[in-house]
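For reference, the structure is listed below as structure tokens.
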Amino acid sequence: MVTIPARISIPVRAVLLDMDGTLVDSDAVVERLMGRWAAAHGLDVDSVLRISHGRQGHEVMAEFLPDRPMAENLADNEEMLAAEISETDGIVAIAGAAELLDVLADVPHALVTSATLPLARARMGAAGLAVPAVAVTADDITESKPSPCGFLHAAALLGVDPTQCVVIEDSGAGIAAGRAAGATVVGVGAASAAHGPDYVVDDLTAVTVDREPLRVRLVDR
């Protein structure tokens, strides 16, 4: 792994972006709602939150309550999704997110998130960001991160080999998914370094794009 401030230039044909923790900071909402669920079931809140980022809620629930009928996990997850869509207080854009999306406007790129499309729209909207035209959400795939399914699907939609993509992620599950897809992975935030991305940046102000030839540049600002 190489950590910025080294100046890096990565040849690329498409950019695949996570949402929570990468484009938007939704930690306050996620921790509030998932923490509330964990406490209601007598679980250690910190342990649940530790693995919940970047994953679908019902999968986290099943991991902590393995004997519980999946139908109950799915029902709880639907209630949580409804609350997440309406509770957007505290959601803000990650530094540099708006500028990066502007640069990517005419570059092949996609959003790849474990959120549903309505939730993605709510959170991106709360942060003042537009949802990319190509968005792979929980509604489109059968396996969420750390499965590479979402990134592979996004690459296919863009008509690009996944090994020629850069994945920008923050969570352990997302970084593992990007690596499993064969993409180059850029971790966002110092904590992402623990999950083995190829490169790490503090935030998206260190990421820009050159169009001809198409490259993602990581630059110490």
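The values are calculated or read from the model by the stated rules, or taken from the named source; none is laboratory data. What you see is a predicted model; the values in this text were computed from it and never measured. Glycine gets a Cβ as well: all are built from the backbone with ideal geometry, and neighbour counts include every protein chain shown. Just so you know, the surface numbers come from the protein's heavy atoms only, side chains and all, with ligands and any DNA or RNA stripped out. Shrake-Rupley method; radii C 1.70, N 1.55, O 1.52, S 1.80 Å.
Structure values in brief
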{"item": "Degrees, to the nearest 10: 149-158 long Cα axis against longest axis of the chain", "result": "40 degrees"}
{"item": "Two-site FRET efficiency, residue 98 against residue 194, from Cβ-Cβ distance with R₀ of 22 Å, rounded to 0.05", "result": "0.20"}
{"item": "Rounded, prolate or oblate (a/c below 1.5 giving rounded, otherwise prolate when a/b exceeds b/c) for the range 155-221 by Cα gyration tensor", "result": "oblate"}
{"item": "Ranked packing of 17-23, 35-41, most packed first, by mean Cβ within 10 Å", "result": "17-23, 35-41"}
{"item": "Length-normalised contact order for the chain - Cα pairs under 8 Å, 6+ apart - percent", "result": "30 percent"}
{"item": "Stretchable slack from residue 156 to residue 7, in nm (0.36 nm times residue separation minus alpha-carbon distance)", "result": "50.7 nm"}
{"item": "Prolate/oblate/rounded call for the range 1-121, Cα gyration tensor, a/c under 1.5 rounded", "result": "prolate"}
{"item": "Prolate/oblate/rounded label for the range 84-164 (Cα gyration tensor, a/c 1.5)", "result": "oblate"}
{"item": "Cα-projected label distance for residue 130 with residue 32, points at 7 Å along beta-carbon direction, nm", "result": "2.9 nm"}
{"item": "Acute angle (nearest 10 degrees) that the helix 117-126 long axis makes with the longest principal axis of the chain, alpha-carbon atoms", "result": "70 degrees"}
{"item": "Of all accessible heavy-atom area on the range 50-100, the percent that carbon and sulfur account for (1.4 Å)", "result": "55 percent"}
{"item": "Estimated vicinal HN-Hα couplings, Hz - the range 206-215 in sequence order (Karplus 6.51, -1.76, 1.60; Gly, Pro = x)", "result": "8, 10, 9, 9, 9, 8, 9, x, 5, 9"}
{"item": "Solvent-accessible ranking of 27, 102, largest area first, probe 1.4 Å", "result": "102, 27"}
{"item": "Intensity falloff of the chain expressed as log10 I(q)/I(0), Debye formula with alpha-carbon point scatterers, at q = 0.09 Å⁻¹", "result": "-0.33"}
{"item": "Solvent-accessible area of residue 58 with every protein chain in place, 1.4 Å probe, in Å² to the nearest 10", "result": "30 Å²"}
{"item": "Value of [θ]222 nm, deg cm²/dmol, for the chain, DSSP H segments ≥ 4, -39500 (n - 2.57) each, nearest 500", "result": "-11000 deg cm²/dmol"}
{"item": "Net length gained if the chain between residue 39 and residue 82 were fully extended (0.36 nm per residue, minus Cα distance)", "result": "13.6 nm"}
